[in-house]
Amino acid sequence: MTLSHYVPDHVARILIVDDEPLNRRLLEVMLKPEGYQLFTAASGEEALTIVSKQPPDLILLDIMMPGMDGYEVVAEIKGNIATHNIPIIMITALDERNAKMRALLAGAEEYLTKPVDRAELCVRVKNLLRLKDYSDYHDKYSHMLEGEVTARTADLRLERDRAQRYLDTAESILLALDMEGRITLVNRYACSLLGWPCDELIGRDWNSTCIPQRKRSALKTNFHAQTKGEFPLFENLILTKSGDERMIEWRNTLIRNEVGDIVGLLCSGVDVTERYRALQALRIAEERMRFALESAKVGIWDLDHTTGVLQWSEILGSQYGLKPGTFGGTFEEFIDHVHIEDRQSLVDSIEKNTKAGSDFSAHHRTVHPDGTVHWLSSSGKVFLDEHGKPIRAIGISQDVTERHMLEQQFHQAQKLEAIGLLAAGVAHDFNNILGIIIGQSEMLLGKLQPEDPAHHRVEEIRKAGFRASMLTRQLLVFSRKQKTEMWPLDLNHVVKESKKLLERLIGEDISINFELHPANLQIKADPGQVEQVIMNLAINARDAMPNGGKLDIATTEFVNSNGNHPLGLSVGNFAQLKISDTGEGMSAEVVARIFEPFFSTKKDMGTGLGLATVYGIVKEHNGIIEVQSEPGKGTSFIMYWPVILAPSHPDKRSEVQEKRLVGTETILLVEDEPAFRMLISDVLEERGFNILRADNGVAALELAEIFESPIHLLITDVIMPQMNGASLAEKIKIKRPDIRVLFISGYTDDILTKHGSRMEGLPLLMKPFTPSDLARTVRDVLDVFKEHADLETPLPR
């Protein structure tokens, strides 16, 4: 025998022991390419029979088997001196530390967990066979030496040197330690890896020389445990001379002297640094991925189509309102947690994409145990086998409830804007008609005596016109196209002023309680529109209490100091107006739609514009409105208006003093609606004014060109065909710079700004208006002209 070129004298024989034929066949397929001679046994008893007749070179042994299990088989083989040196690799599906330790303590050299990686299996088998070959050789060699020890002392030294060279050829770390942990034997491969000359390593303390300092204390304790036969297989870091750290997997064997006392430890190690670093990188990547998914609140799911098992991450479980560990892990249970209205469409979508093997996405709702509805967005990928059958599907899920609500609000805003444009157009055209009705009826009333039977009928026509004008006002407020006149006022004063009207409006079966803040609450608002808010909400409360009840109207000051408010209030002080009733209340679904235009809970009784108008007014005043309601518990509307630091302004309407509304000035009237043009002309001519009439801007320019006398005032509609009123005013002022301008319109007072006119800021009279309003406004504009006749009038900018 030559140590340096030792070759085993036979093909390695491997015994595979497993009660499952498929498992035995799988291991045979993995090992057959390596050229081994393979045997199989279906039980522990059969395996022992084979071992007793023809001992194999290595055994692959399953643990869980009927009859004699793997632990008993190991004990029998290792307890027999004839077979104790046969290496055993235990293979099992049990992936737990106790099972592993029990197998190793029973005497098994290796432990693998199913499913077995072929590359790892082949490496471990090859290493154990190599070590067994070495062990067998040393056994044979030891027996030979025992017979020749006396005669061949010199040969023994030679063989020892050859043995060292044999160890040096091994591609594994081989070293021996004495009971103090000093190195007594080391092969060249170990020296090359550690970066030390072999002669410098012999005699050194292994722990202090080749172990990182932070690990030395734990490894010293571990070494003493190993010298007692514990932990024969483990991993730890070693330190090279250059300071590099390597991860080594060790297999240790006790060294005994001739009397059987333990005198050291023989260690065989494999460098697994790259595997260790790969696992570290994988763990870091998984931690990063987990952090990213948790931060983004993304849930993960994994469906095994072969077993039907569906796995969920904890985040995904929380999206369905489930506590950790309570999901049953089946597709059917998942569907049970989907909103009942979304189940069938979701199942159909999943089945369609699963058959096609295509990526898919879906949106559906789920109801949490507390009754809240959440919207979830899922996407997934389906994997098919070579036959086109689905084998697996993976995907992610996100709770998009907040995004869904924002989209709904956006769509609602678009709908409101569209309806608002329509409402404004209708109101504008209707205001022309109402202006004629109100104006003509008022003029007719001036000619009738109160005792005239027709007087009452005309008065009713006039009242109906005013009621209709209130409806158009609601439309314009809702569409934010109503002229708003805001000035500083005390909210408490407006509420007090509405008290008498409310008492007449609400009725005796409903008690009204006012609770006002003791100090003034100064806000910038249009008093008429604030009154309209109170009236609309009071009427709604009355309708919600058909059998009587209680209406509370309260004001107070609300201070938002940190900006953290569910309604999004900014930091500052707010005047709070709260109107509450004890009526029927509303469901959450109704509350969600309460401010939609034309949405009404009064069936055939309401237009659906009341609360939409309230919402429009509050928003126009930079305020916020909140609704609190439950069925059977009444309703509260809470409004927040920004408080200003300014003295309150008296109602402008009370300041207007009646004047002599007559004159002799010349007025150019431009209005494309014939009946309305004739009404204005009649009203002003009755009061002595000289009226020039035109039905469009082009005709008005021609009339202004040929009229030789002064024209004191231009009254023009803003929106007209061919030429709008602003353009007309600009052109006329080029030739007649002293002419005064009064615009009339059914739109807002910012209509000039929207048309980019230099006439912005000039007087604007909103339709419909009464003859008295028209005469008063005309007189005011002309009087201002007279007061400043000696000054040059520049074009407004």
Seminar exercise, completed: A chain fully extended from Ser772 to Glu730 at 0.36 nm per residue, minus the present Cα-Cα distance, gains in nm 12.3 nm
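Keeping all protein chains in place, calculate the accessible area per residue for region 183-244 (probe 1.4 angstrom), answer in Å².
Working: 3320 Å² over 62 residues.
Normalised by residue count, the accessible surface of region 183-244 is 53 Å².
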Seminar exercise, completed: Carbon plus sulfur, as percent of the 1.4 Å-probe accessible area of region 1-126, comes to 54
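Can you run the Rg to Rh ratio on region 61-113? Use alpha carbon positions and the Kirkwood inverse-distance Rh. Let's see the in-between values first.
Working: Rg = 10.4 Å, Rh = 11.0 Å.
Radius of gyration relative to Kirkwood radius: 0.95.
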For this session: Quote the convex hull volume per residue of region 339-398, based on C-alpha atoms, as a whole number of Å³.
Result: 78
Seminar exercise, completed: Site Glu705, offset 7 angstrom along Cα→Cβ, radius 20 Å on amide nitrogen, limited to region 720-740, gives 721-739
Seminar exercise, completed: Quotient of Cα radius of gyration and Kirkwood radius for region 204-259, i.e. Rg/Rh, equals 1.01
Problem set entry | Per-residue HN-Hα couplings for region 49-62 [Karplus 6.51, -1.76, 1.60; θ = phi - 60°; Hz; x = Gly/Pro] | 5, 5, 5, 5, 8, 8, x, x, 8, 7, 10, 9, 10, 7
Exercise. Using a simple spin-label model with points 7 Å from Cα along the Cα→Cβ vector, what separation in nm is obtained for Phe383 and Ile539?
Worked result: 6.7
Problem set entry | Rg and Dmax [Cα atoms of region 179-302; Å; Rg one decimal, Dmax integer] | 19.0, 67
Seminar exercise, completed: Per residue, the convex hull enclosing the alpha carbons of region 250-294 has a volume in Å³ of 77
Exercise. Tell me, what ³J(HN,Hα) does each residue in region 713-725 have, in order and in whole Hz, if you take phi through Karplus 6.51 cos²θ - 1.76 cosθ + 1.60 with θ = phi - 60° and put x for Gly and Pro?
Worked result: 8, 10, 10, 9, 5, 7, 9, 9, x, 6, 8, 7, x
Exercise. Label points 7 Å out from Cα along the Cβ direction at Asp136 and Asp302: separation in nm?
Worked result: 4.2
For this session: Report, to the nearest whole %, how much of the accessible area of region 480-596 belongs to carbon and sulfur atoms, 1.4 Å probe, protein only.
Result: 46
Seminar exercise, completed: Heavy-atom accessible area of region 242-313 with neighbours in place, 1.4 angstrom probe: carbon+sulfur share in percent works out to 57
For this session: May I have the count of lysine pairs in region 179-325 with C-alpha atoms under 26 Å apart, counting pairs 8 or more residues apart or located on different chains?
Result: 5
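Using per-residue counts of other Cβ atoms within 10 Å, averaged over each peptide, order 81-88, 181-188 from highest down.
With the highest mean Cβ count within 10 Å placed first, the list reads 181-188, 81-88.
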Problem set entry | Size of charge dipole - region 1-133 - debye, nearest 20, with Cβ of Lys, Arg +1 and Asp, Glu -1, no other charges | 340
Exercise. What net charge is computed for the residues neighbouring Asn513, neighbours being all others with C-beta under 9 Å from the C-beta of Asn513, Lys and Arg scored +1, Asp and Glu -1?
Worked result: -1
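With the radius of gyration and the Kirkwood radius both derived from the Cα set of region 229-367, what is their ratio Rg to Rh?
Values: Rg = 25.6 Å, Rh = 20.3 Å.
Rg/Rh: 1.27.
Between Glu120 and Asp370, what's the calculated FRET efficiency when r is the beta-carbon distance and R0 is 56 Å? Round to 0.05.
Computed FRET efficiency for Glu120 and Asp370 comes out at 0.65.
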Exercise. Put a dot 7 Å past each Cα toward the Cβ at Ala464 and Gln344; how far apart are the dots in nm?
Worked result: 5.1
Exercise. If you project the alpha carbons of region 1-141 onto their three principal axes, what span does each projection cover, largest first, in Å?
Worked result: 44, 32, 29
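The values are calculated or read from the model by the stated rules, or taken from the named source; none is laboratory data. Remember, predicted model here, so these are calculated numbers, not experimental data. No Cβ is skipped: glycine too gets one built from the backbone with ideal geometry, and neighbour counts run over all protein chains shown. Calculation scope for accessible area: heavy atoms of the full protein, side chains included, ligands and nucleic acids excluded. Shrake-Rupley method; radii C 1.70, N 1.55, O 1.52, S 1.80 Å.
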